[in-house]
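See below for the structure under consideration.
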Amino acid sequence: MNTVVADITYRAMLGRKRIWLLVLLPVALVAIAALLRLIGGSDEHTAVLLMKTFAIGTMLPLLGLIAGTGVIAPEIEDGTIIHLLAKPISRPVIAVTKFIVAASLVAVFAAVPTFIAAYLLIRDESGVAYGFTLGALFGGVAYAAVFLLLGVITRHAVTVGVIYALVWEGLVGGYVPGARKFSIQQWAQSIADQVSSSPFFKTDVSLGFAVPAMIIVTLGALLWAGTRLRSLSITGDD
Amino acid sequence: MTSEPTAVIHDIGYRHYEGARLGRGSAALALAVNSLRGVFGLGRTARAKIMPFLLATIMLLPAVVSIAVMALLKQDGLPYPAYAVTMQAVLAIFLAAQSPYLVAPDLRFRVLPLYFSRPVTVVDYIGAKLAALAVAMFLLIAVPLTLLFAGELLVDRPGPPHTSQYLAAMGGAVVYAVLLAAIGIALASLTPRRGLGVASVIAFYLFTSAVSAVFFGVLLSIGRETAAKWAMLINPFFLVDAVQVALFGTDPSNGEGYPPGLWACLIVPVVIAVAVAGILLRYRKAASS
């Protein structure tokens, strides 16, 4: 962890238009929760539906994508990453620092609004709010690591990430039960299910698989990103 | 007294252009054609071709499967008007992946003043980009539909072919193309960064589809069916499907139906107008910087 690199990355993430995307989605989540409460749909079933489809299913992958790729991909695209790589800082340390920044952003912008929205709807009934907050937190960290890796390997990180989140987790995961085992979204739901006792919420992936898988994916992605940064080549854009 | 001019422009031997000058219309057309080719990666590197052709191939898959089902199992394949709604995730990814390519590099490298120093005006530029993306989106929907229709005619199932459904779906494809292109360019032109452009377009799609799904589910569970059907229209794909239902009398593809009347046909032009107005405002500012 290098504080100077972290500081620069935070400024790049929060000082640009990127912050609007980071802010708008959580605000929308809380606004929807408030609206649902107003129209009288604030029961446990609604809360679980909102958390599952919007908080974990839409907001979490998007924020992970924006934060995970945003901490490194623009610098690689501009070529300004050379100035950073030329400094006597170990490349894996750079990768870890960028990851910590991305993970902390996802934690603030995804996990906290998830808790606020769930709490707004049903207070702490059945532990839904705590469960989904924990799920969003760990899922967000895993997403940040994976999308950071994508940002280092490919120029089309955002597109590839979107295809993973939409096609693999959304479409394929919807039809093929086996594919759900390899989906960060499902692992996040497993954690949420463990904490909450809601009868409206069932997950397919056991916690015994989800937690080790999440740890392996996060650490593996970080290691790979660090190694990859050591031999990064800056080539022209198409 | 008048002094002799001291500044002289020397002819340093560049070859002059003496051919016909085709003017504004041709310039805009050339820009549109070049943009359209670029959307599919033609004239760009091999890596730029991977994504559009991969997505276009995925769009064709259901048509191929449907033809096989018609030929082997003697059953109806995927209905034409439901094609775009079924493949909405792929269309959204294509839109998100390709619309920033059209506008982001020009903004990022600040070459817009170069365009506008030629006969091309701001309106021409925006029109060319919008037309290119709209034609690309139309091809993406219309080619699989046409393949499916050709397959249906060749398989020669008993009973008349679904010609009216096919035509309705093609009409719907035009509406899809124009609406999606306007939204895509409007969102992508907000940022000169391609990655952020991709993220904002896909965020728009995911946001609208999730919001419509959540509100539909909740409103239905508390017994407000009319309101639930309105919530469906938040998703742009269901909005156009509602236009299809209202204009061409096709079956709703969401399995639930839409609010009665021509409201969707009114909302679509308003959305397009807002998006185009947004693009115009954006480029008024960008052109002078």
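Please average, across the residues of A:57-66, the number of beta carbons from any other chain that are within 10 Å of each residue's own beta carbon, and give a whole number.
The per-residue average across the peptide is 4.
Could you work out, residue by residue across B:214-225, how many beta carbons of other chains sit within 10 Å of that residue's beta carbon, and then give the average as an integer?
Values: counts 14, 6, 0, 6, 13, 3, 1, 5, 7, 0, 3, 0.
Average neighbour count from other chains, rounded to a whole number: 5.
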- Message: Tell me the angle of helix B:23-39 to the major Cα principal axis of chain B, expressed in degrees between 0 and 90 and rounded to the nearest ten.
- Response: 50
- Alpha carbons only, please: Rg and Dmax for chain B, in angstrom. 23.2, 97
- Message: If you average the alpha carbon positions of region B:247-289 and of region B:21-38, how far apart do those two centres end up, in angstrom?
- Response: 26
- Task: Starting from the Cα of B:Ile222, step 7 Å toward the Cβ, then list every residue of region A:37-53 with an amide N under 15 Å from that point.
- Result: A:37-50
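Given region B:92-185, report the % of alpha carbon pairs whose separation exceeds 16 Å.
63
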- Message: Going by Cα centres, region A:125-187 and region B:107-122 are how many Å apart?
- Response: 40
- Only helical DSSP H runs with n ≥ 4 go in: add -39500 (n - 2.57) per run for the protein assembly as shown, normalise by residue count and round the 222 nm mean residue ellipticity to 500 deg cm²/dmol. -23000 deg cm²/dmol
- Query: Within 10 Å of each Cβ of A:17-23, how many other protein chain Cβ atoms are there on average?
  - Reply: 3
- Note on the structure: Two pseudo-spin positions, 7 Å from Cα along C-beta at B:Ser3 and at A:Val172, lie apart in nanometres by 7.6
- Item | Three-way shape label, the protein assembly as shown, alpha-carbon gyration tensor, a/c 1.5 | oblate
- Note on the structure: For B:Lys229, the aspartates and glutamates lying under 20 Å Cα to Cα, once residues fewer than eight places off in the same chain are dropped, come out as B:Asp241, B:Asp251, B:Glu256
- Any chance you could count the Lys pairs in chain A whose alpha carbons are under 21 Å apart, treating pairs 8 or more apart or on different chains as valid? 5
- Task: Would you calculate the separation in nanometres between label points at A:Tyr10 and A:Val27, each defined as 7 Å from the Cα along the Cα-to-beta-carbon direction?
- Result: 2.2
- Query: Mind listing the Cα extents of chain A along all three principal axes, in Å, largest one first?
  - Reply: 56, 37, 33
- Task: Report, to the nearest 10°, how far helix A:184-195 tilts away from the longest principal axis of the Cα atoms in chain A, using its own Cα long axis and a range of 0 to 90°.
- Result: 40
- Message: Whole-Hz ³J(HN,Hα) for each residue in region A:110-127, computed from phi via Karplus 6.51 cos²θ - 1.76 cosθ + 1.60 with θ = phi - 60°, x for glycine and proline: what do you get?
- Response: 10, 5, 5, x, 4, 5, 4, 5, 5, 5, 4, 6, 9, 6, 10, 4, 6, x
- Query: Hey, what do the phi angles of region B:84-92 turn into as Karplus ³J(HN,Hα) couplings, whole Hz, using 6.51/-1.76/1.60 and θ = phi - 60°, x for Gly and Pro?
  - Reply: 5, 5, 5, 9, 4, 5, 5, 4, 5
- Query: For the Cα atoms of chain A, what angle does the longest principal axis make with the long axis of helix A:207-230, in degrees from 0 to 90, nearest 10?
  - Reply: 20
- Task: May I ask you to derive the FRET efficiency for A:Glu125 and B:Val143 from their Cβ-Cβ distance with R0 = 51 Å, giving the value to the nearest 0.05?
- Result: 0.50
- Item | Pairwise FRET efficiency - B:Thr45 versus A:Leu223, Cβ, R0 = 41 Å, nearest 0.05 | 0.85
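Give me the dipole magnitude in Debye, nearest 20, for chain B about the Cα centre, with unit charges on the beta carbon: positive for Lys and Arg, negative for Asp and Glu.
I would put it at about 880 debye.
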- Item | Qualifying lysines (Cα of each under 28 Å from Cα of B:Lys49; at least 8 residues distant if same chain) | B:Lys129
- In nm, what is the difference between 0.36 nm times the number of residues separating B:Arg15 and B:Arg108 and their Cα-Cα distance? 30.3 nm
- What trypsin sites (Lys or Arg not before Pro) in region B:1-110 are in a loop by DSSP, with at most 12 other Cβ atoms within 10 Å of the Cβ? B:Arg15, B:Arg21, B:Lys74, B:Arg110
- Task: Could you go through region B:266-276 in sequence order and give the Karplus-derived ³J(HN,Hα) for each residue, using 6.51 cos²θ - 1.76 cosθ + 1.60 with θ = phi - 60°, rounded to whole Hz, and x for Gly and Pro?
- Result: 8, 5, 4, x, 5, 4, 4, 4, 4, 4, 5
- Item | Average projection area in nm² (convex hull over Cα atoms of region B:110-237, one quarter of hull surface) | 12.0
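Computed from the coordinates by the stated procedures, all read-outs in this text should not be read as laboratory data. Note that the structure is predicted; figures quoted are calculated from it, not measured. A quick note on method: Cβ atoms are made from the backbone with ideal geometry, for glycine too, and the neighbour counts reach across all protein chains shown.
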